[in-house]
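To keep things clear, I will list the structure first and then write my remarks on it.
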Amino acid sequence: MEYVQTKFRTHTCGQLRSGDIHQKVRVAGWVHSYRDHGGLVFIDLRDRGGVTQIVFDPDSCGQQVHDLARDLRTEWVVSIEGEVEDRGTDDKGRSLHNSKLATGDIEIRARGLTVLSESPTPPFLPSDENVGEERRLKYRFIDLRRPAMLETLRVRYNLTKIMRDVLGEMGFWEIETPMLTKSTPEGARDFIVPSRHQPGNFYALPQSPQLFKQLLMVGGCDKYMQIVRCFRDEDPRADRQAEFTQLDIEMSFVDQEDVISVVEQLTAKIWKGILGKEVSLPIQHMTYDDAIKNYGSDRPDLRYDMQLHDITDIAHTTEFGVFKSAPMVKCIVVTGGGIMPRSATDALAEWAKTFGAKGLAVTKVIASKATTEPSGSAAGLTFDTGVAKFINPVAASIIERTGAKEGDLIAFAADKPKIVHKVLGELRLKLAKELKVKPKTDFAFVWVVDFPAFEYDAAEKRYVALHHPFTSPKDDELEKLDSRDVEVVESIKAKAYDLVLNGSEVAGGSIRIHRMDVQSKVFSLLGIDAEAQRAKFGFLLDGLQFGAPPHGGIAFGVDRWVMLLRGTDNIRDVIAFPKTQSGGDLMCGAPSSIDERQLKETHIKINLPVKVDPVGTPGSKV
Ligand code: ASP
């Protein structure tokens, strides 16, 4: 039973039902709305639990309380004492019960009223729709009063509670790791904090507790979990926040399938606990190579079909220059996409350029008027519009290969594999959304496994770790670490796994390297020389040297889980006090300048770049 009994209230505003009629109660909350009918004043009183109607009738509450009630305004905070009544009927005998409200059968006939807080007219009301997001963030304390926001916070709490309870039962301990720490590379920039005691030295806020959780395993902790804040100074992106929350997990004496099994059990409990739905286990696995090949993405959204078809061999037989000379040609079939107007299909070419493609070719599948019909599944079909005239000689082979039907649209990308996959992978999602393609299921889970361990960055002329540098290559691929051949090194598969839900990575992890010599070799491959290894990761290498158990783990993006569970694609909607895309907190005004004394204490001098004024007046500091 929820704790509510205080001197201000006996019940929440969402609690009373017809079974409570005749009870003397006290409720407290915000004035959601008021209606002054002269004789009677009605208010809807709101708190976290819901809304209850209160009626002030001078015959029951006396003239003084009634007068006070007439002065009430929205968002004032009050406590009201009275008696629960049936809402009864109007003078024509029609029921006044409100079926839209959980408390809609009753109202409280007020006897007393205490005003606890007044409020000037607020910048917006919790019931207002279409309030600009900047305003919502500036007055977040009002925005949070919206039932939908409170519900999100409740779901968020429930989610983390289930995580703690389920993992606790499995023997995981929640262990805190430092916030003021040394940089742990997860591929982003660090937020740094100057040290006053060690002038010129800085802490980094953790990008994740990665190395600490590994060292907890070396320390014999066996099963660790933590719901933890992580900080990554990344460029603004709509679905990212500079500080975000992870459920972080690490386990000893495990291999990939053990971690996956724990996560599946946890996922099923979350789904059951929050959505009341079953997740059918085990969740399917897809290799990274297949995900890229068939869906153009390592986060395939399996709610939709529209797989990528490789038609490079067919394309190379045409006289169409774009197809003939491209290293790879793939296409997707958009069922019923033939209805897309020319303007929309033309716009796709421009859109594709934002992913580095030279364009995007499309054509439509129509019934053929040819007298000599081809046989097979392409019988009676041909291409029309777009690139049709260049590729009609191979229409039959393409239709045969892709299974396209009359009325479908085929979209082709011809380029380097990376670009082909990127463009078609994005196009699947774009068209599924725009054409409102019916998803096969509400939630499509998939494990993406067998990631490559390393990728060669040609511009930087070095290897980068696809997951992170502490991820173990597969056991039988360790020898390849000594190779100097880029193709060989890029073929090394890692014991890394991502849980993908509806095209979002909702958890990602790996089995770690637990041997110091292997870790050191991987660092060297990544271009971190012996000296840098000691300086940056000496403590990890020391740990691995002194008896490290085989271990691995995973991290869940808690914010993203809440987004999926609440059906929002705005990450700010699932965080009580979020930041804008440029990292600002509009409510408290962070980041802000600090005073001279704070700078002096940390021996910091501000040296801002000089902004060159185009008019030619002396530059000003930006
Ligand atoms: N530390 C990793 C991350 O934050 C997750 C993991 O490997 O457990 O992405």
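The values are calculated or read from the model by the stated rules, or taken from the named source; none is laboratory data. Everything numeric in this text was worked out from a predicted model, so none of it was measured. All Cβ positions, even for glycine, are placed from backbone atoms using ideal geometry, and neighbour counts span all protein chains on display.
No other residue among Arg484, Arg462 is over 20 Å from Gln210 (Cα atoms), charged (D, E, K, R), touching a Gly at 6+ places or on another chain (Cβ under 9 Å) and surrounded by fewer than 18 Cβ atoms within 10 Å (Cβ to Cβ) apart from Arg462.
Looking at the structure I just gave you, is Leu180 modelled with pLDDT of 95 or more and within 19 Å of Arg560 (Cβ to Cβ)? For Leu180, the condition - modelled with pLDDT of 95 or more and within 19 Å of Arg560 (Cβ to Cβ) - is not met. For region 466-476, a residue qualifies if it is under 34 Å from the mean Cα position of the chain (by Cα) and surrounded by fewer than 17 Cβ atoms within 10 Å (Cβ to Cβ), and the qualifying residues are Lys474, Asp475.
Under 6 Å between Cβ atoms, which residue pairs at least 6 apart in sequence (or on different chains) link something in region 281-307 that is free of Cβ contacts under 8 Å to residues at least 60 places away in the same chain with a partner that is in a loop (DSSP other than H, G, I, E, B) and not charged (D, E, K, R)? Listed by first residue and then by second, the contacts come to Asn294/Gln307; Asn294/Leu308.
Quick check on this structure: which one of Val77, Val41, Val27, Val31 is in contact with a helix residue (DSSP H, G or I) (Cβ under 9 Å, 6 or more places away or on another chain), in contact (Cβ under 8 Å) with a residue 24 or more places away in the chain and not small (Gly, Ala, Ser)? Quick ask: steps written out before the conclusion?
On the way: Val77 fails: in contact with a helix residue (DSSP H, G or I) (Cβ under 9 Å, 6 or more places away or on another chain); Val27 fails: in contact with a helix residue (DSSP H, G or I) (Cβ under 9 Å, 6 or more places away or on another chain); Val31 fails: in contact with a helix residue (DSSP H, G or I) (Cβ under 9 Å, 6 or more places away or on another chain).
Residue meeting the stated conditions: Val41.
Filtering region 547-573 to residues that are within 16 Å of the ligand (Cβ to nearest atom) and free of Cβ contacts under 8 Å to residues at least 12 places away in the same chain leaves nothing.
Taking every residue in region 497-517 that is on the phi > 0 side of the Ramachandran plot and pairing it with any residue that is of a type in the set (Phe, Trp, Tyr), at least 6 positions away or on another chain, the pairs with Cβ-Cβ distances below 8 Å are Asn502/Phe443.
A residue that is within 14 Å of Ala413 (Cβ to Cβ), over 35 Å from the mean Cα position of the chain (by Cα) and not hydroxyl-bearing (Ser, Thr, Tyr) can be found somewhere in region 324-341.
Yes/no matrix, rows are residues, columns are (1) in contact (Cβ under 8 Å) with a residue 40 or more places away in the chain; (2) outside any helix (DSSP H, G or I); (3) among the basic types (Lys, Arg):
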residue	(1), (2), (3)
Phe323	yes, no, no
Lys330	yes, yes, yes
Val333	yes, yes, no
Asp346	no, no, no
Ala349	no, no, no
Ala352	yes, no, no
Phe355	yes, yes, no
Thr363	yes, yes, no
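Just to be sure I understand, how many residues within region 569-601 are part of a loop (DSSP other than H, G, I, E, B) and acidic (Asp, Glu)? First the steps, then the outcome.
Applying the first criterion (part of a loop (DSSP other than H, G, I, E, B)) to region 569-601 yields 569-570, 575-584, 586-589, 591-595.
Among the residues that remain, those that are also acidic (Asp, Glu) are: 569, 595.
Within region 569-601, residues that are part of a loop (DSSP other than H, G, I, E, B) and acidic (Asp, Glu) number 2.
Hey, can you tell me all the residues within region 546-568 that are assigned to a helix (DSSP H, G or I) and not acidic (Asp, Glu)? Let's see the steps before the verdict.
Taking region 546-568 as the starting set, the residues that turn out to be assigned to a helix (DSSP H, G or I) are 558-566.
Val558, Arg560, Trp561, Val562, Met563, Leu564, Leu565, Arg566 - these are the residues of region 546-568 that are assigned to a helix (DSSP H, G or I) and not acidic (Asp, Glu).
Of everything listed in (1) closer than 12 Å to Ile80 by Cβ; (2) under 42 Å from the mean Cα position of the chain (by Cα); (3) surrounded by fewer than 19 Cβ atoms within 10 Å (Cβ to Cβ), the single unmet condition for Val25 is (2).
Summed over region 9-22, residues that are within 39 Å of the chain's Cα centre (by Cα) and not charged (D, E, K, R) total 7. Pull out all pairs, ordered by first then second residue, where Cβ-Cβ is under 6 Å, the residues are six or more apart or on different chains, the first lies in region 425-451 and is in contact (Cβ under 8 Å) with a residue 24 or more places away in the chain and on the phi > 0 side of the Ramachandran plot, and the second is in a loop (DSSP other than H, G, I, E, B) and surrounded by fewer than 19 Cβ atoms within 10 Å (Cβ to Cβ). From region 425-451, no pairs qualify. Checking Met516 against (1) surrounded by 15 or more Cβ atoms within 10 Å (Cβ to Cβ); (2) more than 16 Å from the ligand (Cβ to nearest atom); (3) modelled with pLDDT under 95: exactly one of these is not met. Which one? The number of the failed condition is (3). Of all the residues in region 233-251, those that are outside any loop (DSSP other than H, G, I, E, B) and within 14 Å of the ligand (Cβ to nearest atom) number 9. For first residues located in region 242-266 and within 22 Å of Ala188 (Cα to Cα) and of a type in the set (A, V, I, L, M), partners that are in a strand (DSSP E or B) and modelled with pLDDT of 95 or more and lie 6+ apart or on another chain with Cβ distances below 6 Å form the pairs Leu247/Ile227; Leu247/Phe556; Ile249/Met225; Ile249/Gly553; Ile249/Ile554. Out of the residues in region 487-496 that are surrounded by 14 or more Cβ atoms within 10 Å (Cβ to Cβ) and not aliphatic (A, V, I, L, M), state the one that is farthest from Lys418 (Cα to Cα). The extreme case among them is Lys495.
Asp482 falls short of the stated requirement of being under 30 Å from Gln307 (Cβ atoms) and in contact (Cβ under 8 Å) with a residue 24 or more places away in the chain.
The rows are residues; the columns are (1) at pLDDT 95 or above; (2) more than 17 Å from Gly171 (Cβ to Cβ); (3) aliphatic (A, V, I, L, M); (4) touching a strand residue (DSSP E or B) at 6+ places or on another chain (Cβ under 8 Å).
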site	(1), (2), (3), (4)
Tyr203	yes, yes, no, yes
Pro209	yes, yes, no, yes
Gln214	yes, yes, no, yes
Lys223	yes, no, no, yes
Glu234	no, yes, no, yes
Ala238	no, yes, yes, no
Phe244	yes, yes, no, yes
Leu247	yes, no, yes, yes
Met251	yes, no, yes, yes
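Of the residues in region 367-389, at least one is of a type in the set (S, T, N, Q), assigned to a strand (DSSP E or B) and surrounded by 14 or more Cβ atoms within 10 Å (Cβ to Cβ). When Val446, Val506 are screened for being more than 16 Å from the ligand (Cβ to nearest atom) and not in a loop (DSSP other than H, G, I, E, B), only Val446 passes.
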